[in-house]
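Beneath this line is the structure, given in structure tokens, with notes to follow.
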Amino acid sequence: MAQPTEGRAPAYIDTTKASIARVYDYALGGKDNYEVDRETIERVRKVAPEVNQLAVDNRAFLIRAARFIATQTSITQYLDCGSGLPTAENTHQIVQRLQPEARVAYVDNDPTVIAHGRALLEDDDQTMFSPADIRDPAAVLGDPAIQEFLDLEQPIALFQIGTIHHFADADDPRRIMAEFVERLPVGSFVAVAHFFDPENADTELARRMEQVFVHSPMGSGRFRTRAELEGLFPGLDMIEPGVVPCFQWWPDGPQISQEDPVQRCIAGGVGVKREG
Ligand code: SAM
């Protein structure tokens with residue numbers, strides 16, 4: 001695991017408050033995090049020793065969903081909501097390897113991501129970064145820079161990977177996704193990964209992790225049910241196998257290692273807009 005960031009933080013970073021992006025960075029083994037961020041994961045680890053696997057499976061799902069869209073559809077425009085801090089394989093690197101002409105717009109509102117992720121996520125003229133609140137689809141898609149960069153009349157791949165579980169119920173995630181989908185052209189794809197309450201023997205684990213996340217310095221992390229997750233694809237046709245635990249969504253090979261119960265507590269799916 002990389003050495004975490006220590007010592008003085010730049011002025012734009014409030015090291016007394018955990019940041020979703022930095023907590024996730026720590027869970028993935030990154031170094032752009034502070035004590036307050038690490039504390040969130042360490043608290044959850046007490047109820048779920050393999051908590052890091054939530055982040056690992058989420059990221060692996062993003063990579064496979066991006067590869068799927070890049071190889072199986074003619075889409076060349078991506079809107080990655082809640083991009084996070086740069087990591088080993090970023091969305092534009094994944095899809096541009098397969099489709100050199102692909103354009104990727106990243107959106108995030110975390111000061112750390114805006115300040116130092118931005119430069120790294122904008123490393124060519126086919127990638128851009130827009131600082132916006134992704135709970136406001138009209139603002140995201142209305143940003144003149146996004147409108148100039150993406151052709152919003154042509155199909156788009158919209159990613160909400162590891163983001164919506166940080167939205168409160170009061171934000172009405174289903175409405176937010178309906179507003180995004182309404183604005184997307186026919187032929188667009190939507191990929192979502194989200195903390196999951198499987199409503200079976202693993203419910204207790206999901207609810208214990210939720211309690212710790214919500215009361216941690218990060219203050220968010222809802223584990224929603226299958227019905228709630230399926231509601232995040234309003235009016236879309238689901239690509240097989242629908243919403244399943246992320247590690248089971250078109251894995252790269254057979255599962256021969258022992259799965260951990262936390263892996264059944266994060267799910268993902270991909271939908272397509274077939275009609276307007
Ligand atoms: N999508 C990346 C992935 O799956 O690897 C990063 C996921 S990270 C767990 C969630 C990201 O969503 C963070 O970078 C956070 O700042 C961003 N985020 C959460 N709520 C947001 C909001 N309301 N507006 C913009 N970004 C948000």
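Taken over segment 131-174, residues that are over 23 Å from residue 64 (Cα atoms) and more than 14 Å from the ligand (Cβ to nearest atom) amount to 11. Taken over segment 198-247, the criterion of being closer than 23 Å to residue 178 by Cα, in a loop (DSSP other than H, G, I, E, B) and open to solvent by 40 Å² or more (accessible area, probe 1.4 Å) is satisfied by 222, 235, 240, 241. Considering segment 37-60 alone, what residues qualify as being touching a Ser or Thr at 6+ places or on another chain (Cβ under 6 Å) and open to solvent by 10 Å² or more (accessible area, probe 1.4 Å)? Residue satisfying the conditions is 43 alone. For segment 82-109, a residue qualifies if it is near the ligand (Cβ under 9 Å from one of its atoms) and part of a helix (DSSP H, G or I), and exactly one does: 91.
When 69, 63, 94 are checked against the criterion of being of a type in the set (A, V, I, L, M), under 23 Å from residue 188 (Cβ atoms) and open to solvent by 10 Å² or more (accessible area, probe 1.4 Å), a single residue qualifies: 63. Here residue 112 meets each of (1) open to solvent by 30 Å² or more (accessible area, probe 1.4 Å); (2) of a type outside the set (A, V, I, L, M); (3) outside any loop (DSSP other than H, G, I, E, B) with one exception, condition (1). Summed over segment 85-129, residues that are hydroxyl-bearing (Ser, Thr, Tyr) and within 16 Å of the chain's Cα centre (by Cα) total 3.
Exactly one residue among 195, 180 is outside any loop (DSSP other than H, G, I, E, B), out of contact with any Phe, Trp or Tyr (no Cβ under 9 Å at 6 or more places or on another chain), open to solvent by less than 50 Å² (accessible area, probe 1.4 Å) and within 16 Å of the ligand (Cβ to nearest atom), and that residue is 180.
Being of a type in the set (Gly, Ala, Ser), assigned to a loop (DSSP other than H, G, I, E, B), surrounded by fewer than 19 Cβ atoms within 10 Å (Cβ to Cβ) and more than 14 Å from the ligand (Cβ to nearest atom) is true of residue 187. Within segment 10-59, the residues that satisfy the criterion of being within 18 Å of the chain's Cα centre (by Cα), among the small types (Gly, Ala, Ser) and either over 28 Å from residue 251 (Cα atoms) or in a helix (DSSP H, G or I) (or both) are 18, 19, 21, 27, 55.
The conditions of being open to solvent by less than 50 Å² (accessible area, probe 1.4 Å) and among the hydrophobic types (A, V, I, L, M, F, W, C) are not met by residue 119. Residues in segment 72-81 include none that are near the ligand (Cβ under 10 Å from one of its atoms), without any contact (Cβ under 8 Å) to a residue 60 or more places away in the chain, crowded, with 21+ Cβ neighbours inside 10 Å and more than 16 Å from residue 267 (Cβ to Cβ). Here the condition is being at positive phi, modelled with pLDDT of 95 or more and within 19 Å of the chain's Cα centre (by Cα); of 235, 219, it holds for 219 alone. Of all positions in segment 87-95, at least one carries a residue that is under 30 Å from residue 148 (Cβ atoms) and touching an Asp or Glu at 6+ places or on another chain (Cβ under 6 Å). Figure legend. Inter-residue proximity from segment 124-135: first residues farther than 12 Å from residue 78 by Cα and among the β-branched types (Val, Ile, Thr), second residues at pLDDT 95 or above and open to solvent by 50 Å² or more (accessible area, probe 1.4 Å), beta-carbon distance below 8 Å, spacing 6+ or different chains. Indicated pairs: 134/109.
The values are calculated or read from the model by the stated rules, or taken from the named source; none is laboratory data. Quick caveat: nothing in here was measured; it's all calculated off a predicted structure. In this analysis, Cβ positions are derived from the backbone assuming ideal geometry, glycine residues included, and neighbour counts consider all displayed protein chains. In case anyone asks, the SASA skips ligands and DNA or RNA and just uses the protein heavy atoms, side chains included. Shrake-Rupley method; radii C 1.70, N 1.55, O 1.52, S 1.80 Å.
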